[in-house]
1. Checking residue 132 against (1) more than 15 Å from the chain's Cα centre (by Cα); (2) more than 9 Å from ligand 1 (Cβ to nearest atom): exactly one of these is not met. Which one?
2. Looking at (1) more than 19 Å from residue 113 (Cβ to Cβ); (2) surrounded by fewer than 20 Cβ atoms within 10 Å (Cβ to Cβ); (3) more than 16 Å from ligand 2 (Cβ to nearest atom), which one does residue 244 not meet, given that it meets all the others?
3. What's the number of the only condition in (1) over 23 Å from residue 111 (Cα atoms); (2) in contact (Cβ under 8 Å) with a residue 12 or more places away in the chain that residue 230 fails to meet?
4. Specify which of the listed residues (282, 305, 236) is away from ligand 2 (no atom under 16 Å from the Cβ), outside any loop (DSSP other than H, G, I, E, B) and surrounded by fewer than 18 Cβ atoms within 10 Å (Cβ to Cβ).
5. Given the structure, is residue 152 surrounded by fewer than 19 Cβ atoms within 10 Å (Cβ to Cβ), in contact with a Ser or Thr (Cβ under 7 Å, 6 or more places away or on another chain) and at pLDDT 90 or above?
6. Residue by residue through the range 114-129, note down the ones that are within 22 Å of residue 96 (Cα to Cα) and more than 8 Å from ligand 1 (Cβ to nearest atom).
7. Filtering the range 208-227 down to residues that are at pLDDT below 95 and over 16 Å from residue 133 (Cβ atoms), which residue is surrounded by the most Cβ atoms within 10 Å (Cβ to Cβ)?
8. Would you call residue 290 surrounded by fewer than 22 Cβ atoms within 10 Å (Cβ to Cβ), small (Gly, Ala, Ser) and in contact with a Phe, Trp or Tyr (Cβ under 8 Å, 6 or more places away or on another chain)?
Amino acid sequence: MGEERAHAAVSRRGDEVLQQDRGEPTTVVLVVDEERDLGLGRLAERVVAGDADDVVLEEGEEADPVAVVDFLTAFYRYGYVVFRNTPVEEGTVRRICDRLGYISGNNFGWTFDVRAEPRPTDLAYTAIKLLAHTDQPYRQPVPGIQLLHCLRNEAPGGDSTLADGLAGAEALAATDRAAHAALVECETEFRYDMVTDTVVTYGQVLDYDRSGRFRQIRLNTKLDAPLPRADYDLDAYYRGRRWLCEWLNDPAHQVTFRLEPGDAMFVDNYRVLHGRTEFDAAQGVRHLQGAYIDHDGPDTMFRLAARRLAHNSGESPS
Ligand SMILES: O=C(O)CCC(=O)C(=O)O
Ligand SMILES: [Fe+2]
């Protein structure tokens, strides 16, 4: 991947969303050094904490536009944000989704409970370690943003891990061009086939738009298989897949933190991979509630908040 393309590939940012709003071209997004470092290394060292009260409010209350722009700027830059101090009540994740966008239902329901279950239908519902993955690559469209709200986290272990898929893709391109190209080119089947659910779709592990901008990573190694086409370089494909998995699961490229009750993690499922360390369910309860929303809701929220700020400061809104 050329230098120019690598720069253009650094994800969506707030000013890009605004440019779209103004009908300006958005193909080249130059990044400042700070983001460049981030794009090649690990995610931000510290968790970007939003103040839930400023953004996630009761029905009828208006969010503070400064807080909205701050929180979404952090999200566009890092690919995730954690809200602190939200109510420790079941259903909070649904309320947060309703404030920030449009909830996206799926085979697990509108919201889902993540805890160790006796008869799990998904690895998430066990106590074992989860490697870095993106969620639901088998859906069409893949859900844009995942929310995980922590109700209880009393078991030893169960820390959250995040890794930057965009950074991993760039690092692979710099290391092994052919392997990167194979993950961009080879169509992969993603399948979830359990009990009453059969959800299947096809797509690339690394997805770029026609101008070379990074659009999406789909990586979930329990659910994927490349199509067996004679013109595919499957050696390069599997080499790239293995390399990416190792890179993304290397603690040097991950942020690890513990969700406390009331924390809500807000993760771009098109860019950032999540996982967790193993926990001991015999020694305590760990209970998260999850849900997904599309990107449209927060993007709209960002545009409206930025317009309000421009208006308040006397600039003519564009
Ligand atoms: O238990 C966790 O922290 C994450 C579980 C998970 O991967 C999911 O709910 O999608
Ligand atoms: Fe997951």
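The values are calculated or read from the model by the stated rules, or taken from the named source; none is laboratory data. This structure is a prediction, so every number in the text was calculated from the model and none was measured. Here the Cβ is made from the backbone with ideal geometry for all residues, glycine too, and neighbour counts use every protein chain on show.
1. (1)
2. (2)
3. Residue 230 satisfies every listed condition except (2).
4. 282
5. Answer is no for this residue.
6. 115, the sole residue that qualifies.
7. It comes out as 214.
8. Yes; evaluated as a whole, the condition is true for this residue.
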